[in-house]
Amino acid sequence: MILAKMLSTDKDALLCDLAETYGIYDIKELPLSKVALFSVGLRINSRIKMIINGNSFDSKEILLASITDRLGIILSFLRGSDVPESILDKMIGNIPEKEYMVFNSIDEFEKERKRILGGDTTCHQDP
């Protein structure tokens, strides 16, 4: 049953996976039970299993993208630069809308800060 689903989903992907993993180039040479056994034993990140599970990327790629994003945030903080766009968000198609405000002076910023937080929120420094 699983073999039938794999064949109907993407026969070429299954054949590529079997050839790459087991060196099976012609599935007709083997008994159907062996082909089914080998198909079920394919890695979770094999072409056919990723297609069936609806995954575009395997867990290692997602983890590496996440690590890269976090390193980019740390480096941008240390450099005092803008945070780079998220690689992970681009990979999975989750690109959030950016909402930000631009101020031309500290006074504009403080005025908006007061409006949002309410009351006197200016920073006072001791002499």
Chain lengthening between E112 and I51 when straightened (0.36 nm per residue, less Cα-Cα): 17.0 nm
In whole percent, and with a 1.4 Å probe on the protein chains, what portion of the accessible area of the chain is carbon and sulfur? 58 percent
Run the helix sum for the chain: -39,500 (n - 2.57) per DSSP H stretch of 4+ residues, divided by residue count, reported at 222 nm to the nearest 500 deg cm²/dmol. -19000 deg cm²/dmol
Show me the ranking of peptides 10-16, 70-76 by mean Cβ neighbours inside 10 Å, starting with the highest. 10-16, 70-76
In whole Å, what are the Cα extents of the chain along the three principal axes, biggest one first? 87, 26, 21
Accessible area (Å², per residue) of region 1-74, counting only protein heavy atoms and a probe of 1.4 Å: 69 Å²
Note down the accessible area of K34, probe 1.4 Å, to the nearest 10 Å². 100 Å²
For the residue pair F77 and K5, what label-to-label distance in nm results when each label sits 7 Å from Cα along the Cα-to-beta-carbon direction? 4.3 nm
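The values are calculated or read from the model by the stated rules, or taken from the named source; none is laboratory data. A quick note: this is a predicted structure, and the numbers were derived from the prediction, not measured. Note that we place each Cβ from the backbone using ideal geometry, even for glycine, and neighbour counts take in every protein chain shown. Ligands, DNA and RNA are stripped out before the accessible areas are found, and what is left, the full protein with its side chains, is counted by its heavy atoms. Shrake-Rupley method; radii C 1.70, N 1.55, O 1.52, S 1.80 Å.
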